[in-house]
Amino acid sequence: MRDHGEGIFLRSRKILPFEILLIENCGGRDIFEKILNKQIRPCTSETLIYQWIEATKGPAQTTSQEFLKQTNNTEDFKEKYAQELFCQQAAMPDQNIMTTIFANELEEILWKATPSILKNDDLRSHFPEPILDDIALYRFTVTLDLMKSPIASQVEIE
């Protein structure tokens with residue numbers, strides 16, 4: 001297996017408690033089902049979160065397309081989320097990505113849910129404060145730091 005080159009790589013980690021809360025109690029499941037058109041299973045502490053990485057860019061430069069910020073413009077959303085799904089499928093060619101949770105999706109859902117979380121002190125107490133103050137920290141402190149598992153697969157993009 002090459003460490004560098006072209007292609008999409010896949011890493012995974014277990015879901016964190018605040019991410020379960022985000023999905024199950026803060027509207028994340030509705031976003032998955034109604035906007036992203038995914039049917040994910042109920043989340044438990046064993047649920048895996050996946051991250052696709054473009055090998056030529058590396059994890060720190062592989063960023064979200066900010067597709068949920070485009071929901072007011074359907075064409076922009078479709079285009080950006082189509083690219084996200086393309087990379088997900090490239091990373092997991094033999095899996096049903098429509099039942100799988102990816103880190104970019106959680107980052108987008110956290111961005112969308114943060115205003116509501118900030119208004120509810122009890123709910124807010126379950127989330128790491130710095131992440132609510134700066135969503136970009138989610139990518140660096142959760143996704144990159146915790147996704148230290150070895151690269152699980154590599155698929156060349158044609």
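If a residue has to be among the hydrophobic types (A, V, I, L, M, F, W, C), outside any strand (DSSP E or B) and within 11 Å of residue 15 (Cβ to Cβ) to count, how many in region 41-57 make the cut?
Number of matching residues: 1.
Does residue 10 count as assigned to a helix (DSSP H, G or I), under 20 Å from residue 138 (Cα atoms) and touching a residue at least 40 places away in the same chain (Cβ under 8 Å)?
Judged against the criteria, residue 10 is not a match.
So which residues in region 108-124 are surrounded by fewer than 15 Cβ atoms within 10 Å (Cβ to Cβ) and either in contact with a His (Cβ under 8 Å, 6 or more places away or on another chain) or among the polar types (S, T, N, Q) (or both)?
Correct list: 116, 120.
With the requirement that a residue be closer than 14 Å to residue 17 by Cβ and surrounded by fewer than 15 Cβ atoms within 10 Å (Cβ to Cβ), what does region 125-143 give you?
The answer is 125, 128.
Working only within region 116-128, note down all residues that are more than 19 Å from the chain's Cα centre (by Cα) and assigned to a helix (DSSP H, G or I).
116, 118, 119, 121, 122, 123, 124
Just to be sure I understand, how many residues within region 42-63 are under 12 Å from the mean Cα position of the chain (by Cα), modelled with pLDDT of 70 or more and closer than 18 Å to residue 86 by Cα?
Number satisfying all stated conditions: 5.
Would you point out the residue of region 83-99, among those that are of a type outside the set (S, T, N, Q) and assigned to a helix (DSSP H, G or I), that is surrounded by the most Cβ atoms within 10 Å (Cβ to Cβ)?
91
Taking the stated definitions as given, is residue 66 part of a loop (DSSP other than H, G, I, E, B) and at pLDDT below 85?
The answer is yes for residue 66.
Any residue at all in region 115-131 that's under 18 Å from residue 68 (Cα atoms), small (Gly, Ala, Ser) and modelled with pLDDT of 80 or more?
Within region 115-131, one or more residues are under 18 Å from residue 68 (Cα atoms), small (Gly, Ala, Ser) and modelled with pLDDT of 80 or more.
The values are calculated or read from the model by the stated rules, or taken from the named source; none is laboratory data. These numbers were taken from a predicted model, which means no experiment stands behind them. FYI the Cβ positions are ideal-geometry reconstructions off the backbone, even for glycines, and counts take in every protein chain you see.
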